[in-house]
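A.B. asks: Handing you this structure, nothing more for now.
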There are 2 protein chains.
Amino acid sequence: MKTSSRPNLHVILLHYPVVSKNGDIIASAVTNLDLHDIARAGRTYGIRSFYIVTPVRDQLELVDKIVSHWVSGAGAVYNPKRREALSIIRVSESFEAALADIAAGDKVYPKTIVTSARKRPDSLQVNAVRDMIGDGDPYALVLGTAWGLSEDFLNQADYLLEPICGQADYNHLSVRSAAAIMLDRLLGN
Amino acid sequence: MKTSSRPNLHVILLHYPVVSKNGDIIASAVTNLDLHDIARAGRTYGIRSFYIVTPVRDQLELVDKIVSHWVSGAGAVYNPKRREALSIIRVSESFEAALADIAAGDKVYPKTIVTSARKRPDSLQVNAVRDMIGDGDPYALVLGTAWGLSEDFLNQADYLLEPICGQADYNHLSVRSAAAIMLDRLLGN
């Protein structure tokens, strides 16, 4: 039996396979501020790495260019705090490649925790997930861009985290805001 | 003595007076995604209104143009959920004008709650602020762009909310992420 230790949480931001406004499976475009905001929140809450997944070669190169600017280019000198945050970013051409990359470092594949804005009967409450990741084993929290992760993708994950609900009958947060709130709920003091 | 009621919270995003990287007092530029992300989080958690404050006329016009597109223009048809969020946005040329506008609706000036990423001895814990705003009186949560609200500004507020701390020795969240986390902590279930 393991004792409680520091969570070993990775965040994966998927641009494929995600759902479009019309319900089609698409590859969405990378948004610059997703990289910055989620890397900064991830660094604040002590996640291990933040994967940007897109199968589009041009987009992979764009992410590499942005990250290089802030981690080893002029941006690193201009703003060392931003360097510290963006240095946790990794890029992968597929979800499977991201998991394999995490497994290469952690010696074991991470359990996957997916997120959705819709309520589903099989989702875990945030406190249950918070307790679970306290075992120190590697976990990957997976967030979808555009209109979210596809049904097929959600069904293949190990765990589903309950959606974020506020006070109102509205839950259309940006993925940047959702990531920040989830990290605060899962890893905040 | 008042009974607990639904919080009457407004959010004010200041672009002046804020601090630059070098510590100077500046008027910062409006960031499009600040409007979208904080309006969406604000709508999710049931805030009453979201004020964008800038003294720069061109910037005020830009915000008006963006908000009009999503609230009454082509964007409202394309994405009614975005319309619902951005309809809580108001624009003001000064902090005082924003407070007066809130007072015009609520019949009383709101108490001001300011935020800072730095630890200060006189800050209130989030649970104390959460309890306080449960009285149903109007409160304005004030967030600074750029490198944050100026010292003078912080000292003039009614209350100071403690900074968001994660697990790590790093607290450089974007204002979008900080707003989302604060609203979840103050108004989440």
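A.B. asks: Hey, can you rank B:6-12, B:126-132 by average C-beta count inside 10 Å, highest first?
C.D. replies: Result, highest mean first: B:6-12, B:126-132.
A.B. asks: Find every distance from the label point of B:Arg57 to the corresponding label point in the other copies (7 Å from Cα along Cα→Cβ) and write them in nm, one decimal, shortest first.
C.D. replies: 5.1
A.B. asks: Still on this structure, please answer the following. For A:Arg130, which inter-copy label distances result when the label point lies 7 Å beyond Cα on the Cα-to-Cβ vector, reported in nm to one decimal and in ascending order?
C.D. replies: Those separations, rounded to one decimal, come out as 0.9 nm.
A.B. asks: Return the average number of partner chain Cβ atoms within 10 angstrom of each residue Cβ along peptide A:177-187.
C.D. replies: 6
A.B. asks: Starting from the Cα coordinates of chain B, work out the convex hull volume and express it per residue in Å³.
C.D. replies: Taking only Cα atoms, chain B has a hull volume of 129 Å³ per residue.
A.B. asks: Same structure, new question: Hey, which of these cross-link pairs are over 31 Å Cα-Cα: B:Lys65/B:Lys107; A:Lys111/B:Lys81; A:Lys119/B:Lys119; A:Lys21/A:Lys65; A:Lys119/B:Lys107?
C.D. replies: Correct reply: A:Lys111/B:Lys81; A:Lys119/B:Lys119; A:Lys119/B:Lys107.
A.B. asks: Computed on protein heavy atoms with a 1.4 Å probe, what is the summed buried accessible area for the chain pair A and B, in Å² to the nearest 100?
C.D. replies: Using a 1.4 Å probe, the pair buries roughly 3400 Å².
A.B. asks: What FRET efficiency comes out for the pair A:Asp169/B:Thr31, r = Cβ-Cβ distance, R0 = 35 Å, nearest 0.05?
C.D. replies: Here the calculated transfer efficiency is 0.80.
A.B. asks: Rounded to the nearest 500 deg cm²/dmol, what is the calculated helix-only ellipticity per residue at 222 nm for chain B, with -39500 (n - 2.57) per DSSP H run of length n ≥ 4?
C.D. replies: Taken over chain B, the calculation gives -12000 deg cm²/dmol.
A.B. asks: Moving to a separate point now. Taking the Cβ-Cβ separation of B:Asp152 and B:Ser20 as r and a Förster radius of 22 Å, what is the calculated FRET efficiency to the nearest 0.05?
C.D. replies: Result of the calculation: an efficiency of 0.90.
A.B. asks: A further question follows. Run through the other copies and list how far each one's label point is from that of B:Glu151, in nm with one decimal, shortest first; the point sits 7 Å from Cα along Cα-Cβ.
C.D. replies: 5.9
A.B. asks: What is the mean number of Cβ atoms from other protein chains located within 10 Å of the Cβ atom of each residue in peptide A:161-172, rounded to a whole number?
C.D. replies: Whole-number average of other-chain Cβ neighbours for A:161-172 is 6.
A.B. asks: Using C-alpha positions alone, give me the convex hull volume of the range B:99-189 per residue in cubic angstrom.
C.D. replies: That works out to 116 Å³ per residue.
A.B. asks: Considering only C-alpha atoms, what is the centroid distance from the range A:60-125 to the range B:81-119, in Å?
C.D. replies: When both Cα centres are located, 35 Å separates them.
A.B. asks: Would you tell me the mean number of C-beta atoms belonging to other protein chains that fall within 10 Å of each C-beta in B:39-50, as a whole number?
C.D. replies: The shielding value for this peptide is 5.
A.B. asks: Cα-Cα pairs above 27 Å in the protein assembly as shown: how many percent?
C.D. replies: 48 percent
A.B. asks: Bin width 5 Å, alpha-carbon pairs only: give the P(r) of the range B:1-73 as whole percents, running from 0 to the bin holding the largest distance.
C.D. replies: In whole percents, the pair-distance histogram is 3, 14, 20, 21, 17, 11, 7, 5, 3, 0.
A.B. asks: May I pose another question? Work out how much length B:Ala103 to B:His69 would gain on full extension: take 0.36 nm times their residue separation and subtract the Cα-Cα distance, in nm to one decimal.
C.D. replies: Going from the current span to full extension adds 9.5 nm.
The values are calculated or read from the model by the stated rules, or taken from the named source; none is laboratory data. Everything numeric in this text was worked out from a predicted model, so none of it was measured. Don't worry about glycine lacking a Cβ; one is built from the backbone with ideal geometry, like all the others, and counts go over all protein chains shown. Remember, those area values only see protein heavy atoms, side chains included, never the ligands or the DNA or RNA. Shrake-Rupley method; radii C 1.70, N 1.55, O 1.52, S 1.80 Å.
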